[in-house]
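Rule-based calculations on the coordinates, nothing more; no lab input. Just so it is clear, the model here is predicted, and its values are computed rather than measured. Here the Cβ is made from the backbone with ideal geometry for all residues, glycine too, and neighbour counts use every protein chain on show.
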Amino acid sequence: MQRPSTVRKERDVNSNLRHANHTVYVGAGSNMANRLDNLRKAVELLNRLPRTSVKKTSAVYLSEPLGFSSQGWFYNAVFELRSALKPETFLVHCKRIECLMGRPADHMKWGPRIIDLDILLYDDSTCSQEHLTIPHPELSNRKFVLLPLLDLANPTHPLLGKTMRELLETCPDTSSIERTGHTLLTIS
Ligand code: AMP
């Protein structure tokens with residue numbers, strides 16, 4: 001894997017990737033405009049975050065929209081990152097990237113979106129705050145999260161005590177999903 005030469009991280013003197021020791025899984029989805037470009041842009045922007053690097057990206061999956069059905073199908077993927085950021089700070093950056101990519105702050109729940117970034121897992125940490133729940137509360141209910149995550153690893157859910165593969169076996173999601181031949185820009 002190669003880091004694109006155009007990508008330059010801005011790091012202050014205190015930033016050091018040696019301390020970027022948290023393993024973070026981020027779920028991404030897009031069903032507007034050029035969905036593949038949107039996922040690739042999200043990888044690039046996440047990789048530019050301070051003390052953070054994207055290590056691996058899953059295959060791209062085509063999935064049926066849940067909830068509001070008269071909208072386009074999604075491209076979904078999961079990214080594995082190393083980061084020294086705290087989960088709360090990481091969430092702020094995810095929201096900023098969504099905004100930067102053109103997603104309105106007052107977006108419709110379940111509606112179409114240019115990009116959606118969800119923190120799925122943060123090491124084996126758990127967090128239950130008003131604006132941040134880790135692991136992501138819908139993780140075990142969504143095939144479009146479990147399938148791409150399993151391309152990268154098979155971690156154990158820190159609250160449910162089951163691996164991602166075990167969760168997929170009992171996942172109640174019956175919606176359609178297929179693996180595409182598309183790959184995302186890979187960075188190391
Ligand atoms: P969404 O509609 O998926 O963009 O999520 C809406 C809200 O979910 C965000 O504004 C977050 O504050 C909240 N949220 C709670 N837990 C998480 C998480 N693990 N990852 C991303 N967003 C989260």
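With each label modelled as a point 7 angstrom along the Cα→C-beta vector, the Lys162-Gln129 pair spans 2.9 nm. Out of every Cα-Cα pair that the stretch 21-179 contains, those further apart than 22 angstrom amount to 37 percent. Among Arg82, Arg113, the ranking by other beta carbons within 10 Å of each residue's beta carbon, starting with the fewest, stands as Arg82, Arg113. Annotation: the residues Ser128, Ser175, sorted from fewest to most other C-beta atoms within 10 Å of their own C-beta, follow the order Ser128, Ser175.
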